[in-house]
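The values are calculated or read from the model by the stated rules, or taken from the named source; none is laboratory data. Note that the structure is predicted; figures quoted are calculated from it, not measured. Backbone-built Cβ (ideal geometry, glycine too); neighbour counts: all protein chains shown.
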Ligand code: PMT
């Protein structure tokens, strides 16, 4: 990540359980060439030791607003002026509220008030706190002032709840910071992405659906945005927050997804089809709820849905096309067959079924393109999305270079 070389990142760490990930984040930023100055809130020390962060960054961790030895040399004003970027990760609900209110009760919030550097926040909190109207208001106020939010991610939380509020993985945050400085590998590229399931109506209250949660697609959305992509996200029904910076279009059925994709595909440089689209839909949608009427069997006649990905790939002026393949067996053979049959530039295959692929927080992908393949091994969907995005950027660049030598 060349963009981070020599950049001065002030890393604020606040008192949340995700504070321990601050060490990994600091390490990634330092490894990418950034100078990292950690400032912790007083209570953050309960979650991570100063010594660890000091060893990683090579700089004394700052914590106290009233530190006589430092106030003369590099106090809050000097820190505020020193930073090219202020990044707070994890950002608790409390620090978000303080920043929204403009209070300055400790070194971190004081220097945020004094700094003109861009401010990035990676929230981490319980899902109910993230959803609370007070937090929503605070986030909206900060966004209006130009503060950028990285995440939060959705999933299982330290408290046992499930939902939005988990801090993004350090690698994803470091990528976003790199993209902030460097524009990212996909800066200026227009990416169209489908994610989540589709629902095919049977009657006014029932539908045929599938188990896609949208986690893979939304993690990809985050990773693509982190690389600076201009993203249109066509999403089936999922319970996930809109990735910051994405233009999201909500749809239900495969036909609606088809229409939304074809309304935007002409402007897309890259199309990524991660959605689990129903291959068939009921031929007749009943106007009224289907009644049992004593019948022991119910037959539903279905008709084929259009294959969105295949039709996009068949366009005369087509974007770089990346498909997914969800397979229960013979994954590579089926995926390779799909890649060739649909004329794709790349396919990401995953084994699905028995709590694999769908709904889970982690996954394993076999990515195949003409003349190459990479098996990622099992990892979080966030990490997979980061790697897949890198591969997409690499192959896209290679293809563009061949077409415009
Ligand atoms: O959402 P999660 O719970 O995180 O789960 C992630 C996932 C398992 C859904 C994801 O990793 C995945 O595999 N997505 C593709 C699922 C799928 O529909 O695979 P498929 O092999 O049936 O389809 C092949 C490709 O054609 C896919 O890119 C699909 O988006 C596309 N397609 C399929 C049918 C259709 N009518 N139109 C399409 O565009």
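Overview of results
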{"item": "Residue match in the stretch 379-400 (condition: assigned to a strand (DSSP E or B), near the ligand (Cβ under 8 Å from one of its atoms) and surrounded by 13 or more Cβ atoms within 10 Å (Cβ to Cβ))", "result": "no"}
{"item": "Single residue of 167, 129 found to be buried (at least 24 other Cβ atoms within 10 Å of the Cβ), touching a residue at least 24 places away in the same chain (Cβ under 8 Å) and more than 16 Å from the ligand (Cβ to nearest atom)", "result": "167"}
{"item": "Among residues of the stretch 218-246, those that are more than 21 Å from residue 177 (Cα to Cα) and within 11 Å of the ligand (Cβ to nearest atom), counted", "result": "5"}
{"item": "Among the candidates 36, 86, residue that is touching a residue at least 60 places away in the same chain (Cβ under 8 Å) and surrounded by 22 or more Cβ atoms within 10 Å (Cβ to Cβ)", "result": "86"}
{"item": "Some residue of the stretch 176-186 being within 14 Å of the ligand (Cβ to nearest atom) and either in contact (Cβ under 8 Å) with a residue 24 or more places away in the chain or farther than 27 Å from residue 400 by Cβ (or both)", "result": "no"}
{"item": "Residue check, residue 99 more than 26 Å from the chain's Cα centre (by Cα) and in the same structural domain as residue 146 (by TED's automatic domain parsing)", "result": "no"}
{"item": "Residue that is farthest from residue 153 (Cα to Cα), among those in the stretch 210-231 that are touching a strand residue (DSSP E or B) at 6+ places or on another chain (Cβ under 6 Å) and surrounded by fewer than 23 Cβ atoms within 10 Å (Cβ to Cβ)", "result": "210"}
{"item": "Some residue of the stretch 3-13 being under 29 Å from residue 138 (Cα atoms), without any contact (Cβ under 8 Å) to a residue 24 or more places away in the chain and surrounded by fewer than 24 Cβ atoms within 10 Å (Cβ to Cβ)", "result": "no"}
{"item": "Output for the stretch 280-303, where each listed residue is exposed (fewer than 11 other Cβ atoms within 10 Å of the Cβ) and within 13 Å of the ligand (Cβ to nearest atom)", "result": "303"}
{"item": "Subset of the stretch 171-185 (residues that are at pLDDT 85 or above and surrounded by 22 or more Cβ atoms within 10 Å (Cβ to Cβ))", "result": "173, 174, 177, 178"}
